[in-house]
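> What follows is a single structure, and I will ask about it in a moment.
The values are calculated or read from the model by the stated rules, or taken from the named source; none is laboratory data. Quick caveat: nothing in here was measured; it's all calculated off a predicted structure. Quick reminder, even Gly has a Cβ in these numbers, built from the backbone with ideal geometry, and neighbours come from all protein chains shown.
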Amino acid sequence: MRVLLSIKPEFAEKIFTGEKKFEFRRSIFKDKSVKKILVYASAPVQKVIGEFDIDEIVCQDVETLWKTTHQHAGISYDYFSSYFEGKKQGFAIKIKKLRKFKKPQCIKKDYDLVPPQSFVYVN
């Protein structure tokens, strides 16, 4: 099972350069069989640009999550704090086995999906 995540292009690019080894989420998908993430780079790119395997999903209180992941977060503490504002806990998807597509894919034509607010399951 795969999930397609909407990710801002600047962060999607950092994932594929290896600078960002964790993708942060305020909430996470419930299906534990999800092993792969398709990366949809949101506007202005608006393409599925690659995929990665899930190493693990870390769930911790927000301050502990930052301490655990900050060296490979690919984002600033200020951005992290504002993203998780009002949340007691957060999730970090640890990234492994990256594969950037040679040709970015169209979410509508190639997957028959519309861009999700957060994520969508893909068979």
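> Which one is nearest to the chain's Cα centre (by Cα) among residues in the range 1-37 that are among the β-branched types (Val, Ile, Thr) and over 22 Å from Val62 (Cα atoms)?
Going through the qualifying residues, I end up with Ile37.
> Of everything in the range 22-57, what is β-branched (Val, Ile, Thr), assigned to a strand (DSSP E or B) and closer than 16 Å to Gln89 by Cα? Give them in sequence order.
Ile57
> Residue by residue through the range 67-90, note down the ones that are assigned to a strand (DSSP E or B) and either within 21 Å of Leu4 (Cβ to Cβ) or without any contact (Cβ under 8 Å) to a residue 24 or more places away in the chain (or both).
If the condition is that a residue be assigned to a strand (DSSP E or B) and either within 21 Å of Leu4 (Cβ to Cβ) or without any contact (Cβ under 8 Å) to a residue 24 or more places away in the chain (or both), then Gly90 is the only one that fits.
Condition check ((1) modelled with pLDDT of 95 or more; (2) out of contact with any Leu (no Cβ under 8 Å at 6 or more places or on another chain); (3) surrounded by 16 or more Cβ atoms within 10 Å (Cβ to Cβ); (4) closer than 20 Å to Val114 by Cα) across all residues:
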| site | (1), (2), (3), (4) |
| --- | --- |
| Glu10 | yes, yes, no, no |
| Glu13 | yes, yes, yes, no |
| Lys30 | no, yes, no, no |
| Val39 | yes, no, yes, yes |
| Asp61 | yes, yes, no, no |
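> Suppose the filter is crowded, with 18+ Cβ neighbours inside 10 Å and farther than 21 Å from Ile107 by Cα; does Lys20 pass it?
Taking the combined requirement at face value, the residue satisfies it.
> Of all residues being of a type in the set (Lys, Arg) and not in a strand (DSSP E or B) in the range 91-123, which is surrounded by the fewest Cβ atoms within 10 Å (Cβ to Cβ)? Just the residue, please.
Lys109
> Filter the range 63-88 down to residues that are in contact with a helix residue (DSSP H, G or I) (Cβ under 8 Å, 6 or more places away or on another chain), buried (at least 20 other Cβ atoms within 10 Å of the Cβ) and not hydrophobic (A, V, I, L, M, F, W, C), then give me how many there are.
Qualifying residue count for the region: 1.
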